[in-house]
Amino acid sequence: MTEPVLSVRNLEKSFGALKATDGVSLDLRPGEIHALIGPNGAGKSTLIGQIAGNIRPDRGEVRFAGRDVTGLPTGARARMGLGRTFQISALAMEHTVLQNVVLGALAARGGAMRFWRPVLQDGALLEQAEAALGRVGLSEHTAARTAELSHGQRRQLEVAVALALRPRAFLMDEPMAGLGAEGSKQLTGFLDGLRAEAPILLVEHDMDAVFALADRISVLVYGRVIATGTAEEIRASREVREAYLGEEDA
Amino acid sequence: MSTLLLIEQVLNGLQLGVMLFLMAAGLTLIFGVMGLINLAHGSLYMVGAFAAAAVAAATGSFLLALAASLAAAAAAGAVIELGVIRRLYDRDHLDQVLATFALILVFSEGTRWIFGSFPLFLEVPDYLSGPVTLFGGIQYPLYRLVIILAGLGIAAGLFLLIGRTRIGIQIRAGEADREMIAALGIDITRLYTLVFALGAALAGLAGALVGAIQSVQVGMGEPVLILAFVVIVIGGIGSVKGALVGALLVGLTDTLGRSFLPGLFGLIMEPAAATTVGSALASMAIYILMAGVLLFRPRGLFGVA
Amino acid sequence: MRERHINAILLGGLLATALAAWGLDQPFTITLATKVAILALAGVGLNITLGLGGMISLGHAAFFGIGGYAMGILASHAQNYTPLMEAPLLIEGTNSMPVIWLVAIAASALAALVIGALSLRTTGAYFIMVTLAFGQMLYYFAISWPAYGGEDGLSIYVRNGFPGLNTLDPIQFFGLCFVLLCLVLLFVARLGRAPFGLALTAARQVPARVEAVGLSPYRLQLVAFVLSGAITGLAGALFADLNRFVSPAMFSWQTSGEIMVFVILGGVARLCGPVAGAALFILLEHWLGALSEFWHIYLGALLLIVVLFARGGLIGQIAGREAAHD
């Protein structure tokens, strides 16, 4: 089996008496979409935070691209190629669409400590940014101010910014959030093709998208992974049904 | 250095500390409840001092003067809250800084216009002047001792007010969750005015009490305001307990630094250089203390992480 | 009206005022114009942190004062023919403006590095209070350090020199300050469009995103703070040379507040906002000051009106709220 791009081993994180992450282990292998699902309050956000580097785990290890990155800050992990999208769009609203994507490409292409030459005259940088915008279908809106975009377009831009980083792996926190049926379908199609480029760890509430896309699914409940497997296996799992649907069945 | 001198300086430090607490408590409450950074708090301190000096000059009564300082500062606080400050709660910090900076200009120049540029003097009344003999034969000014006790008493009262009364519950609810408090049916506008006036009254009282030791003049408030900011950074924004601990730390550090640092440097340097270096360093001691807190506890000693 | 046109009018107007005053032999007006250029420069420095970076520094007097004292200390040693330091290496005072400027820039940049590194550990209201406090610390230090005048300040009897110019001639000194202002404005205009400006303005809006794309908001803001402090320090050195006098007042919290007022009156994050603001401030000081001894009351009232009702400042009112820095 090929070595995973991203792996999490025995991760633990408590907030006071609450164990938000309780011994979580999971892998993201090359070429796969690995979906992380679980009811609200299962600890998905805390887990994502620890993988991205915003939250420091109490115990355990995060490995990315063959290195132990547990002690590295967010920025360093991003520079190693961990591309992230946020649950609530984190975009510079005063900037244009193009500027947001250029920002995404900046770290890999010369960094931000350049003080003289206008950033929008940097051909290579622009090319990379425009290519990313083209792929998510925002080519016609490059000059628009981000605040003017619709919610759906902002979700697309969110993905484009992560693409511009040319990541080795994606960490996507509910990319479908707030999209209509049509938008979800489009984005599902796009992510389907993206996995060949870089694997995706996908946190998502849209179960149609999850079951359509995921090669493997992990189910997080009360900070523990109670099952990992293919869509079929997860559908068939009794534990998952009990944990996930417990309240409704009872 | 003698023990007597040390005790005297510790008392001086406490006296500065409790006065800073009166300033910082109001600032931190106003920040905690309304999210407002108020640069004009020093002006309210000045208003209290001028009101006290004017009333004392007219009536000769120190107690009436103190009452006047409370009333004038609370009234000035309520007026600016109604006229200006309440428009700032929803604004960003920059607008708050600018508007309250503008208020400083108006207050300072307005006071200069009314009272002139010369300092006023507020006399300590006879029954509070002169030294008092403490344990171990320490002679200490009675008035300063009274300030310390009054300050500690007010601090205790404030903790009771916040911990035990209806208003206190509302204040704490306001700090925790601003929407919740409206949902509870509390008149939030009135609560804000009340908290602001309360903070103003404390500042005004501090101005009057200190005004009897130092001179009462335009511009007296802002150095104290900045010290109170240092107190809040050390204690943690929004925490009255932090304000008390921070105020005592700052008061003691400043007073003891000024008294003893030159002497300490004298042990390793020639006297003239030691005095220079020691007093320069003493003037910076509390800021160095603040820098240390920032390094290890950027949210302050009692701040929410 | 486009902001670019307003900028041209502002700078052109300042230059024209000085030249007209020169033609009419009104040296006092030239001095006022010089003061505008220097205070605008201080504001342009602050505007990097405030406008681009969104960091509300209420302690820029620290850098203004350090720049001023860099001039005062170097020039006073040159004036008294005493070296600053003899061992381990000999450092002498100087009357040369370029050297003084470099020292002022370096010293205030260093101070900004230390103050910024500490202050940027906090955000929001804490940052305001901490920068204000550090400024006050230097104020008290300047008062308590007797070697350079302490509370009384330090007078320099002859204006420092610049190769090939007679700096005592008001119009030549104005020209020097004006050229420096324009050069710094050019730099800041480029800065705003360069990768650094993009990342810094993004860090103001969405720090989490900036981190997630592999950049460090802290480093961006610290570099911005240092650049900003250095420019304000340069302005401090020029201001000291204009007055031929430095005193702890340059470090006072009022100075910090006034530099911020220039930026706000003109319009935050507008390239030439500080020029408009400083010009307005000097005009008000001149007119209202003649009208009433207590002109600060009117200044305060005006500032209140601008903050409460006319957000965006002077340039914002003319150019509209859109497209700052365009």
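The values are calculated or read from the model by the stated rules, or taken from the named source; none is laboratory data. In this text the structure is predicted, and so the values were computed from the model without any measurement. Note that each Cβ is placed from the backbone with ideal geometry, even for glycine, and that neighbours are counted across all protein chains shown. Accessible surface areas use protein heavy atoms only, side chains included; no ligands, DNA or RNA. Shrake-Rupley method; radii C 1.70, N 1.55, O 1.52, S 1.80 Å.
Based only on Cα atoms, what mean projected area does the convex hull of region A:54-210 have, in nm²? Walk me through the numbers on the way to the answer.
Working: hull surface 40.6 nm².
Seen from a random direction, the Cα hull of region A:54-210 projects 10.1 nm² on average.
Rounded to whole Å, give me the distance from the Cα center of region A:3-71 to that of region B:124-189.
Cα centres, region A:3-71 to region B:124-189: 48 Å.
If B:100, A:70 are ordered by their accessible area, calculated over protein heavy atoms with a 1.4 Å probe, which sequence runs from highest to lowest? Write down the numbers at each step before the final one.
Values: B:100 0, A:70 30 Å².
Final ranking, largest accessible area leading: A:70, B:100.
By how many nm would the segment from residue B:166 to residue B:152 lengthen if fully extended, with 0.36 nm per residue of separation less the alpha-carbon distance? Mind showing how you got there, number by number?
Working: separation 14, 0.36 × 14 = 5.04 nm, distance 2.23 nm.
Gain on extension, residue B:166 to residue B:152, equals 2.8 nm.
Would you give the gap between the C-alpha center of region B:28-91 and the C-alpha center of region C:262-313, rounded to a whole Å?
The distance from the Cα centre of region B:28-91 to that of region C:262-313 comes to 26 Å.
Quick check: the distance between the Cα centres of region C:159-194 and region B:214-280, to the nearest angstrom?
Between the Cα centres of region C:159-194 and region B:214-280 lies a distance of 40 Å.
Which residue fluctuates the most in chain A, going by a Gaussian network model with Cα springs under 10 Å, if the choices are A:137, A:83, A:111?
Between A:137, A:83, A:111, it is A:111 that shows the largest mean-square fluctuation.
Taking a probe of 1.4 Å, how large is the accessible area per residue of region C:2-319, in Å²? Walk me through the intermediate numbers first.
Values: 11510 Å² over 318 residues.
Accessible surface, normalised per residue, equals 36 Å².
Which order do you get for B:218, C:210 if you rank them by accessible area with a 1.4 Å probe, largest at the top? Walk me through the intermediate numbers first.
Numbers: B:218 30, C:210 0 Å².
Accessible-area ranking of B:218, C:210, largest first: B:218, C:210.
Within region B:280-299, what residues put their amide N at less than 13 Å from the label point 7 Å along the Cα-to-Cβ vector of residue C:113?
What the label zone holds, given the 13 Å backbone N cut-off, is no residue at all.
On the full set of protein chains, 1.4 Å probe, figure out the accessible area of residue B:192 and give it in Å² to the nearest 10.
Residue B:192 exposes around 30 Å² with every protein chain in place.
Going by a 1.4 Å probe on protein heavy atoms, which residues of region B:226-246 end up with at least 40 Å² less accessible surface in the whole assembly than in their chain alone?
Going by heavy-atom accessible area, the residues of region B:226-246 that drop by at least 40 Å² are B:226, B:229, B:233, B:237.
From Cα pairs below 8 angstrom and at least 6 apart in sequence, can you work out the relative contact order of region A:107-210, rounded to a whole percent? Let's see the in-between values first.
Values: 78 pairs, mean separation 25.7, N = 104.
Reported relative contact order: 25 percent.
How high is the relative contact order of region B:10-220, given as a whole-number percent (alpha carbon pairs under 8 Å, six or more residues apart)?
Taking the mean separation of contacting Cα pairs over the length of region B:10-220, I get 44 percent.
Rounded to the nearest 0.05, what FRET efficiency do residue B:87 and residue B:114 have when you use their Cβ-Cβ distance and R0 = 41 Å?
Numbers: r = 26 Å, r/R0 = 0.63.
My answer for the efficiency is 0.95.
When the accessible area of chain B is split by element with a 1.4 Å probe, what percent falls to carbon and sulfur?
68 percent
Round to the nearest 10 and report in Å² the accessible area of residue C:5, as given by a 1.4 Å probe over the protein chains' heavy atoms.
100 Å²
In chain C, which helices (entire DSSP H runs) extend 24 Å or more along their own long axis, judged by Cα positions, while averaging at least 0.0 on the Kyte-Doolittle scale? Before the final figure, lay out the partial values.
Details: long enough: C:3-23 (29 Å, 0.93); C:27-47 (29 Å, 1.46); C:61-80 (27 Å, 0.77); C:97-119 (31 Å, 2.23); C:124-144 (31 Å, 1.37); C:170-193 (35 Å, 1.95); C:217-243 (38 Å, 1.10); C:273-291 (26 Å, 1.44).
The qualifying helices are C:3-23, C:27-47, C:61-80, C:97-119, C:124-144, C:170-193, C:217-243, C:273-291.
Report which residues of region B:57-92 become buried by 40 Å² or more of accessible surface when going from the isolated chain to the complete set of protein chains (1.4 Å probe; DNA, RNA and ligands ignored).
Going by heavy-atom accessible area, the residues of region B:57-92 that drop by at least 40 Å² are B:87, B:91.
Under 20 Å from the Cα of residue A:44, which lysines turn up, not counting those fewer than eight places away in the same chain?
Residue A:44 reaches A:13, A:19.
Using a 1.4 Å probe and counting only protein heavy atoms, how much accessible surface gets buried when C and B come together, both sides summed, in Å² to the nearest 100?
Details: alone 15690 and 14440 Å², together 25940 Å².
Using a 1.4 Å probe on protein heavy atoms, the buried area is about 4200 Å².
Anyone know which of C:159, C:270, C:209 comes out most mobile in the 10 Å Cα GNM of chain C?
Residue with maximal mean-square fluctuation among C:159, C:270, C:209: C:209.
With a 10 Å cut-off between alpha carbons and a GNM built on chain B, which of B:274, B:24, B:65 moves the most?
With Cα springs under 10 Å in chain B, the top fluctuation among B:274, B:24, B:65 is at B:274.
P(r) of region C:2-319 in 20 Å steps, Cα pairs, percent per bin?
Answer for region C:2-319: a P(r) of 33, 59, 9 percent.
Using a Förster radius of 22 Å, what is the FRET efficiency between residue A:58 and residue A:239 based on their Cβ-Cβ separation? Nearest 0.05, please. Kindly include the intermediate steps, with their values, before the conclusion.
On the way: r = 26 Å, r/R0 = 1.17.
Computed FRET efficiency for residue A:58 and residue A:239: 0.30.
Mind grabbing the base-10 log of I(q)/I(0) for the protein assembly as shown at q = 0.07, 0.11 Å⁻¹? Debye formula, identical points on the C-alpha positions, no solvent, two decimal places.
Each listed q corresponds, in turn, to -0.66, -1.35.
How would A:25, B:239 rank on accessible area, largest to smallest, probe 1.4 Å? Could the numbers behind the result be given before it?
Values: A:25 45, B:239 20 Å².
Solvent-accessible surface, decreasing: A:25, B:239.
At R0 = 30 Å, how high is the FRET efficiency between residue A:25 and residue C:208 if r is their beta carbon distance? Nearest 0.05 is fine. Please report the intermediate quantities before stating the final value.
Values: r = 26 Å, r/R0 = 0.88.
Computed FRET efficiency for residue A:25 and residue C:208 comes out at 0.70.
Run the quick spin-label model on residue C:79 and residue B:179: label points 7 Å from Cα toward the beta carbon, then report their separation in nm to one decimal.
6.2 nm
Report which residues of region A:103-129 become buried by 50 Å² or more of accessible surface when going from the isolated chain to the complete set of protein chains (1.4 Å probe; DNA, RNA and ligands ignored).
Residues shielded by partner chains are A:103, A:112, A:113, A:115, A:116, A:119.
Over all directions, the average projected area of the alpha-carbon convex hull for region B:10-220 comes to how many nm²?
Projected over every direction and averaged, the Cα hull of region B:10-220 covers 12.7 nm².
Which residues' amide hydrogens lie under 5 Å from the amide hydrogen of residue B:134, considering only partners 5 or more residues apart or on another chain, with H built in the peptide plane?
HN-HN under 5 Å from residue B:134: B:139, B:140.
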